[in-house]
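The structure appears below as structure tokens.
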2 protein chains.
Amino acid sequence: MNIVMIGSGNVATVLGRKFTAAGHKIVQVISRNASAATELAYEWDTESSNYFSVINKNADVYIVAVSDNALQELVHDLKLPGKIVAHTAGSVPKEILKNVTGHYGVFYPLQSIRKDITRLPDIPIFFEGSDDRTSITLKKLAQSISFKQPVFASSEDRMKLHVAAVIVSNFTNHLYALAEQYCKKEGIDFHQLLPLIEETVQRLKTDSPAGTLTGPAIRDDQPTIQKHLELLKDYPHLQKVYQLLTESILQTK
Amino acid sequence: MNIVMIGSGNVATVLGRKFTAAGHKIVQVISRNASAATELAYEWDTESSNYFSVINKNADVYIVAVSDNALQELVHDLKLPGKIVAHTAGSVPKEILKNVTGHYGVFYPLQSIRKDITRLPDIPIFFEGSDDRTSITLKKLAQSISFKQPVFASSEDRMKLHVAAVIVSNFTNHLYALAEQYCKKEGIDFHQLLPLIEETVQRLKTDSPAGTLTGPAIRDDQPTIQKHLELLKDYPHLQKVYQLLTESILQTK
């Protein structure tokens, strides 16, 4: 397919790389950030612009991969009647695009996406379209870039997936970051924890996490919990997180 | 080596299985829980007892894999002069064993261990001994059951590792459990999040988690954060966790 990529951030960059690797052609990159757009256009051997007025009107699909705020604004300027246009936001209804075209939809990558990471992870896509033509095209595009079968998801379900994704990815990554910082300051190698972290995730494939909790909180082992809080006394921020999640585990026992 | 296993819980069971698989012989299982001890003794084709008075005095190593509370109590009854005795607790100094024997130490498995999971994960061992003979023996025993090189860790470092382990394993697993519960109630398949969870962990091998955070909190994307809190309004507990970890990310930006 011939694709116009609107946006030049993490999602635009990584999706664009996936499209290119799958044999699609990015025919244009449009972004307010002219230098980022130029850089991507160079990478994909295509043209770029920071004006919507020069948008290529002959592409098969237009992917709008911009921040939620930018999305709110650009829908007023973007007119692509008859064209298939999809945004990539987790928590924005597809209808935001309804004045842009009669064939609008969503192409939501459920993955933590950063352009500075060279290895491209597999990206499960959740799609929806305003009509069959849009849905079928977005599904085909998704199939071409992911090992996972694309899943149709309504705007409501997609928002719920997004909340859950924040919890299982952003929040856990934040806990890793807090633990890493603690280890560094205490002269411990954070990487020694990797087998434990990997096992915790491996187990999700076969067991419900609700049934596999170990550690002092689920045992209500107060002496150990108190020792740990004492060890964290120079880390008031981490101590608060420790306390809250321990209470949370105790409450859900 | 000939090993006496004291304890019959998750750690005793899984370490015992690792020892047996590596060609060591469990010569006796001792536990207050007589039925659990009998079951393990049957599995390992050995004898069991719930009395310390009949403890086998001819083993090479005695592993005390019991709860921290039970450990506090049993050190008064256990006398094994000249024998190598090690406990498995993350947050208890090795000196708790000093009236049991002159050769005491710690054999700490840094892993989330549950006996009901049939697949045995690799278990990195952190050891320390009161003297060279003890340290060398515990190191050898550790080498025989793990792919990872055993690491010498002082009681202080081990406690710090234990705190970090709680943060990266127990707390993340709790977040998975909360997300799973939310998905179930909302009719979403939690397993659709697995590629995202795996990618978040994969990334730890090459990148510091402090530098790879994505999502609404790190972008300070308040409209999305507010939408998510609204979506969680029927889950006050999860909503509180969402709010706290979002604030925590904002504070560490």
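The values are calculated or read from the model by the stated rules, or taken from the named source; none is laboratory data. Here the structure is a predicted model, which means the values were calculated and not measured. Note: ideal-geometry Cβ built from the backbone for every residue, glycine included; neighbour counts use all protein chains shown.
Give the residue that is surrounded by the most Cβ atoms within 10 Å (Cβ to Cβ), with candidates limited to residues of the stretch B:182-201 that are more than 7 Å from chain A (Cβ to nearest Cβ) and either modelled with pLDDT of 95 or more or at negative phi (or both).
Residue satisfying both the conditions and the ranking: B:PHE190.
Output yes when any residue across the stretch A:109-124 is without any contact (Cβ under 8 Å) to a residue 12 or more places away in the chain, β-branched (Val, Ile, Thr) and more than 27 Å from B:HIS228 (Cβ to Cβ), and no when none is.
yes
Being touching a residue at least 12 places away in the same chain (Cβ under 8 Å) and of a type outside the set (Ser, Thr, Tyr) narrows it down to one residue among B:LEU204, B:LEU245, B:LEU231; which is it?
B:LEU245 is the lone residue from the list that is touching a residue at least 12 places away in the same chain (Cβ under 8 Å) and of a type outside the set (Ser, Thr, Tyr).
So in the stretch A:97-125, with the set limited to residues that are out of contact with any Asp or Glu (no Cβ under 7 Å at 6 or more places or on another chain) and within 8 Å of chain B (Cβ to nearest Cβ), which one is farthest from A:GLY82 (Cα to Cα)?
Checking each candidate, the answer is A:ARG119.
For the stretch A:95-108, which residues satisfy the criterion of being touching a residue at least 40 places away in the same chain (Cβ under 8 Å) and in contact with a Lys or Arg (Cβ under 9 Å, 6 or more places away or on another chain)?
If the condition is that a residue be touching a residue at least 40 places away in the same chain (Cβ under 8 Å) and in contact with a Lys or Arg (Cβ under 9 Å, 6 or more places away or on another chain), then A:VAL106, A:TYR108 are the ones that fit.
A:ASP131 - would you say it is surrounded by fewer than 16 Cβ atoms within 10 Å (Cβ to Cβ) and at pLDDT 95 or above?
Yes.
Output the number of residues of the stretch B:20-76 satisfying the condition of being under 21 Å from B:PRO109 (Cα atoms), surrounded by fewer than 17 Cβ atoms within 10 Å (Cβ to Cβ) and of a type in the set (S, T, N, Q).
Within the stretch B:20-76, residues that are under 21 Å from B:PRO109 (Cα atoms), surrounded by fewer than 17 Cβ atoms within 10 Å (Cβ to Cβ) and of a type in the set (S, T, N, Q) number 3.
For the stretch A:6-53, give me the residue count where each residue is touching a strand residue (DSSP E or B) at 6+ places or on another chain (Cβ under 7 Å), of a type outside the set (A, V, I, L, M), in a helix (DSSP H, G or I) and free of Cβ contacts under 8 Å to residues at least 60 places away in the same chain.
4
Name the residue, out of B:TYR235, B:TYR242, that is buried (at least 17 other Cβ atoms within 10 Å of the Cβ), modelled with pLDDT under 95 and of a type in the set (Phe, Trp, Tyr).
Unique residue meeting the criteria: B:TYR235.
For the structure I just gave you, tell me whether A:ILE136 is assigned by TED's automatic domain parsing to the domain that holds A:PRO209 and either without any contact (Cβ under 8 Å) to a residue 12 or more places away in the chain or out of contact with any helix residue (DSSP H, G or I) (no Cβ under 8 Å at 6 or more places or on another chain) (or both).
Criteria not met by A:ILE136.
Can you report the number of residues in the stretch B:206-225 which are assigned to a helix (DSSP H, G or I) and at the interface with chain A (Cβ under 7 Å from one of its Cβ atoms)?
Here the count works out to 4.
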